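Below is one structure, written out as structure tokens; comments come after it.
The values are calculated or read from the model by the stated rules, or taken from the named source; none is laboratory data. Remember, it's a predicted structure, so these values are computed and weren't measured experimentally. Counting neighbours? That spans all protein chains shown, and the Cβs are built from the backbone with ideal geometry, glycine included. Protein only, heavy atoms only, side chains kept; ligands, DNA and RNA dropped before computing areas. Shrake-Rupley method; radii C 1.70, N 1.55, O 1.52, S 1.80 Å.
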Amino acid sequence: TGEDRCVLDCITSLQNGADLLWIETEKPHVGQIGGMVNRIREVIPNAKLVYNNSPSFNWTLNFRQQVFDAWAEEGKDLSAYNRDNLMSVEYDESELSAEADRRIQSFQADAAREAGIFHHLITLPTYHTAALSTDNLAKEYFGEQGMLGYVAGVQRKEIRQGIACVKHQNMAGSDMGDDHKEYFAGEAALKAAGEDNTMNQFG
């Protein structure tokens with residue numbers, strides 16, 4: 001009753017004041033999402049769905065399996081692939097993986113067109129990017145790269161890409177703190193972001 005209950009809850013919510021829907025599925029499958037939205041739209045034609053492109057999904061495995069199953073239905077020779085092991089790095093350069101990646105790349109457009117998704121979002125992307133980048137930095141900083149791991153991998157890229165947080169003192173509000181100090185202490189104010197601040201090395 002899971003899908004039936006979800007459809008019923010969505011219809012009821014829209015009939016009682018909701019303006020957008022949020023549906024969770026167990027996998028990112030355009031056909032499955034579209035099937036649910038179409039059932040909702042039979043009752044509420046202008047229903048709009050917000051969908052979480054969730055990091056909880058194993059996107060690589062899900063889409064490789066979707067391609068495998070689609071190709072199996074088409075009668076394509078799949079003897080080179082083991083469906084239960086499609087996450088393996090040995091398939092990363094394969095034709096199947098290239099098609100899976102193409103479908104992942106177009107997922108937002110496909111799902112908007114075919115499944116009525118009004119807005120896509122990702123929950124917790126910064127949690128995952130922070131964890132990955134911190135892990136990579138730690139391996140380099142405490143390994144052979146030393147401080148170059150940070151400079152080449154983080155700071156130099158911040159400068160080249162114009163990322164404002166390279167001046168982290170400013171982003172943390174040191175200018176506001178200086179204004180406050182100067183108001184009360186005048187020329188005697190010890191400024192955090194004054195002209196000699198290291199942040200000024202970044203232009």
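Which shape class, rounded, prolate or oblate, goes with the stretch 1-47 when its Cα gyration tensor gives a ≥ b ≥ c as root eigenvalues, a/c under 1.5 marks rounded, and past that a/b bigger than b/c marks prolate? Intermediate values should be presented prior to the final figure.
Numbers: a/c = 1.79, a/b = 1.58, b/c = 1.14.
Because a/c hits 1.5 or more and a/b exceeds b/c, the stretch 1-47 counts as prolate.
For Asp84, the solvent-accessible surface with a 1.4 Å probe is about 140 Å², rounded to the nearest 10.
Solvent-accessible surface of the stretch 1-64, taken per residue with a 1.4 Å probe and all protein chains present: 53 Å².
How high is the FRET efficiency from Phe57 to Asp19, r the C-beta distance, R0 22 Å, rounded to 0.05?
On the way: r = 26 Å, r/R0 = 1.18.
Taking R0 as 22 Å, the efficiency between Phe57 and Asp19 is 0.25.
The label point for Asn46 and the one for Ala70, both projected 7 Å from the Cα toward the Cβ, are 3.3 nm apart.
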